[in-house]
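The values are calculated or read from the model by the stated rules, or taken from the named source; none is laboratory data. Being a predicted model, the structure only gives us computed values, none of them experimental. As a convention, Cβ positions derive from the backbone with ideal geometry for all residues, glycine included, and neighbour counts pool all protein chains shown. When the accessible area is computed, the model is the full protein with side chains, heavy atoms only, and any ligands, DNA or RNA have been set aside. Shrake-Rupley method; radii C 1.70, N 1.55, O 1.52, S 1.80 Å.
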Amino acid sequence: SSSSAASDVYKRQVIVESPTKAKTISKFLGRDYKIESSFGHIRDLPKSKLGVDVENNFEPQYTIPLKAKKRVNELKKLSEKAESIYFATDEDREGEAISWHLVEIFKTPKEKIKRIVFHEITEEAIKEALKNPRTIDLSLVDAQQARRVLDRLVGYQLSPLLWKKVARGLSAGRVQSVAVRLIVEREREIQAFQSEEYWSIESIFCPQKVKSGEKPIEFESKLNQIDGKAIDKLEIKNKEQADKILKDLK
C-alpha cells in the first residue's frame, strides 16, 4: 500500500490554459511533471447579480461557474500532491488573472507557487521557462479585475436595455456604452436644435474688360458690411430683406 501511495505523488505540476498545449508540453517533460489544463477561465462575477460591492471599494464577488467546478476540483486535488506548482498561463492580463484565481482557490502555500511564461511551444523554451520562474504579477491581475468590474458596472444595466430596444443577446460594456452615449448625446442635440432662416448675399466680379475670345478674370465675393457695419450671420432674416439690400446695391 505504501508503494501505491508513493506513485500518486509527483514533484511538479504545470497548469496551462489550453488542453492542446498541455498535451504538447507533456511530450517535452519527464514523469516528474504533471501537465494539466484549466480550460480557460475558472472564476468570474456571478451572472444573476451585479457581483460588485460598490459600497466596499468595488470589491468583486467571484463565483466558480458550474461548467468549471469539476475541473477546478480536479486541479485542486492534484495540486495537493505536488511539491511545486508551475502556473504557465498566457503572458497577458487574462492569463495572469487565471493563475491568480487558481492560487486563490487552491490556497497554495507561497513556497509552492511558481509562475512561468514562454512564447513558443518548444522543448527549449519550456525548459528555459522552468529555470526562470517568477511571482504572479499583481499589477496585471488588478488591471484585468478593473476591466472586468468596469464592464459589469456599465453593462449589467445597459445590456437588458439593448435586448429590449435592439436585439436579444447583445452586450454592452465599457466600449459599447461610450458609443451608445455619443449617439444619444448627438441625437439629443439634433432634437433640441431650433432652425432659423437666414440669407447671405454673394456676387461674382469681373474687374476688367477683356479682348474678344479671352476668358474674363472673375472672383467671388460675399457681402459682410453695410455702411461700414459688419453683418451678423443671422442678420438678413428673409427674402424681403435680401431683395432690399440687392436693390440698394444696384
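Tabulated values for the structure
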read-out: Residue within the range 18-27 that is on the phi < 0 side of the Ramachandran plot, part of a strand (DSSP E or B) and modelled with pLDDT of 90 or more present; value: no
read-out: Listing of helices (runs of 4 or more DSSP H) fully contained in the range 88-202 that carry 3 or more residues being in contact (Cβ under 8 Å) with a residue 40 or more places away in the chain and more than 23 Å from residue 52 (Cα to Cα); value: 123-131
read-out: Residue within the range 1-11 that is part of a loop (DSSP other than H, G, I, E, B) and either surrounded by 14 or more Cβ atoms within 10 Å (Cβ to Cβ) or modelled with pLDDT of 90 or more (or both) present; value: no
read-out: Top-ranked residue in the range 153-178 [being among the hydrophobic types (A, V, I, L, M, F, W, C) and open to solvent by less than 50 Å² (accessible area, probe 1.4 Å); ranked as farthest from residue 60 (Cα to Cα)]; value: 167
read-out: Qualifying residues in the range 79-98 (those that are of a type in the set (A, V, I, L, M, F, W, C) and under 13 Å from residue 113 (Cα atoms)) - the one surrounded by the fewest Cβ atoms within 10 Å (Cβ to Cβ); value: 82
read-out: Within the range 41-87, considering residues that are free of Cβ contacts under 8 Å to residues at least 24 places away in the same chain and of a type in the set (S, T, N, Q), the one nearest to residue 18 (Cα to Cα); value: 73
read-out: Which numbered condition residue 141 misses (of (1) open to solvent by less than 40 Å² (accessible area, probe 1.4 Å); (2) over 29 Å from the mean Cα position of the chain (by Cα)); value: (2)
